[in-house]
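For reference, the structure discussed in these notes is given below.
The values are calculated or read from the model by the stated rules, or taken from the named source; none is laboratory data. The structure presented is a predicted model; accordingly, all values stated were derived computationally and were not measured. Glycine also receives a Cβ, built like all others from the backbone with ideal geometry; neighbour counts cover every protein chain displayed. Only protein heavy atoms, including side chains, enter the accessible area calculation; ligands, DNA and RNA are left aside. Shrake-Rupley method; radii C 1.70, N 1.55, O 1.52, S 1.80 Å.
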Amino acid sequence: MAGDSNFRELEPGIVTDFRSAMSYGSYLDLDTLLSAQNPVSEPQHHDEMLFIIAHQTTELWLKLVLHEARAARRAFAEDDIGMALKCIARVKHIQKTLTEQWSILATLTPTEYAQFRGFLGNASGFQSCQYRAVEFILGNKNRAMLAVFESDPPAHALLDALLREPGLYDEFWRCLARAGYDVPVSALDRDVSRAYVLNPDLMVLVRRVYEHPEENWRAYESFEEFVDLEESFQLWRFRHLRTVLRVIGMKPGTGGSSGGAGFLQRALDQSFFPELFAARTEIGK
């Protein structure tokens, strides 16, 4: 078929026999992955496939976010700030993809969603174990949330362990202390099972680093990576809120919340790294 630019001959070295060799599909376990989309609406609604895949892909990305956040935490614990920041940078790129994914789900109109929403029962993103795990490792811990996962022992065990372990931010302050920074005891000995809240004792150190970046470049760079991380997370939360408002308005959530949008709006007031944002008000005064 000479001259046909739309035809490409298989090169002689292309492997075609996979009877005893690993293939692309077997490596990725595509049979399992692609058989996991099981709509429950009756009759099956065309747009439920979109709804399922949007949430499943989010869970896959959250798995990678948690993988990288744990690696960053471990790197801080080993005083490898460079590796920790590399992992955080990767998380930011994943968050960008997660945020952009909302535009796909937003193509679901209120009428279309209403035709299968009733079949979801009490299933809700509120019950995403991996989302809660990411929040926990970033410091937004809530022991009461474990009750949602009592019927799922592996998920409960994961969250219970993260609840008791230092968060990413906790390990960062410990790393700075070992590097010679004057990190207050209140930041090093806090109860890590509680949600992180602004620690006024840290503000002197944070302001000093911001006002003298050349002398504290690693700490300064880390501060800004954390700010990027939180901003990316908040953009994801905001896009989630706007998608919910677009599709269901102020209806109660399927998981039992009084109103999906109202619940999501309150999450925008939560901060993972509050000192780094509070410092912006103080710098230059």
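Some observations on this one:
- Given (1) outside any helix (DSSP H, G or I); (2) within 16 Å of Arg266 (Cα to Cα); (3) in contact (Cβ under 8 Å) with a residue 60 or more places away in the chain, number of the condition Pro252 does not satisfy: (3)
- Any hit, region 239-253, residues being surrounded by fewer than 17 Cβ atoms within 10 Å (Cβ to Cβ), of a type outside the set (Ser, Thr, Tyr) and under 17 Å from the mean Cα position of the chain (by Cα): no
- Only one entry in Asn6, Asn38 is under 25 Å from Gly118 (Cα atoms), without any contact (Cβ under 8 Å) to a residue 60 or more places away in the chain and loosely packed, with under 11 Cβ neighbours inside 10 Å, namely Asn38.
- Tally, over region 258-273, of residues that are modelled with pLDDT under 80, assigned to a loop (DSSP other than H, G, I, E, B) and surrounded by 15 or more Cβ atoms within 10 Å (Cβ to Cβ): 1
- In the condition set (1) open to solvent by less than 40 Å² (accessible area, probe 1.4 Å); (2) in a helix (DSSP H, G or I); (3) free of Cβ contacts under 8 Å to residues at least 40 places away in the same chain, Trp217 is compliant with all but (1).
- Here Ser186, Ser151 are screened, and the one residue that is open to solvent by 40 Å² or more (accessible area, probe 1.4 Å), of a type in the set (S, T, N, Q) and closer than 20 Å to Ser271 by Cα is Ser186.
- Residue match in region 9-27 (condition: within 30 Å of Ile94 (Cβ to Cβ) and of a type in the set (Asp, Glu)): no
Rundown of residues vs (1) more than 14 Å from Gln127 (Cα to Cα); (2) without any contact (Cβ under 8 Å) to a residue 24 or more places away in the chain, yes/no style:
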residue	(1), (2)
Asn142	no, no
Met145	no, yes
Phe149	no, yes
Leu159	no, no
Pro166	yes, no
Phe172	yes, no
Ala177	yes, yes
Asp182	yes, yes
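- When residues of region 123-148 are limited to those that are among the charged types (D, E, K, R) and more than 13 Å from the chain's Cα centre (by Cα), the one surrounded by the most Cβ atoms within 10 Å (Cβ to Cβ): Lys141
- The number of residues in region 162-178 being in a helix (DSSP H, G or I) and under 24 Å from the mean Cα position of the chain (by Cα) comes to 11.
- Pairs, first free of Cβ contacts under 8 Å to residues at least 40 places away in the same chain in region 46-59, second among the aliphatic types (A, V, I, L, M) and in a helix (DSSP H, G or I), C-beta under 9 Å, six or more apart: Ile53/Ile104; Gln56/Leu33
- If you go through region 179-207 and keep only what is more than 21 Å from Glu224 (Cβ to Cβ), in a helix (DSSP H, G or I) and charged (D, E, K, R), you end up with just Asp201.
- Gln95 vs. criteria open to solvent by 20 Å² or more (accessible area, probe 1.4 Å) and either within 17 Å of Thr243 (Cβ to Cβ) or in contact with a Cys (Cβ under 6 Å, 6 or more places away or on another chain) (or both): no
- Qualifying residue in region 110-122 (condition: touching a Phe, Trp or Tyr at 6+ places or on another chain (Cβ under 7 Å) and open to solvent by 50 Å² or more (accessible area, probe 1.4 Å)): no
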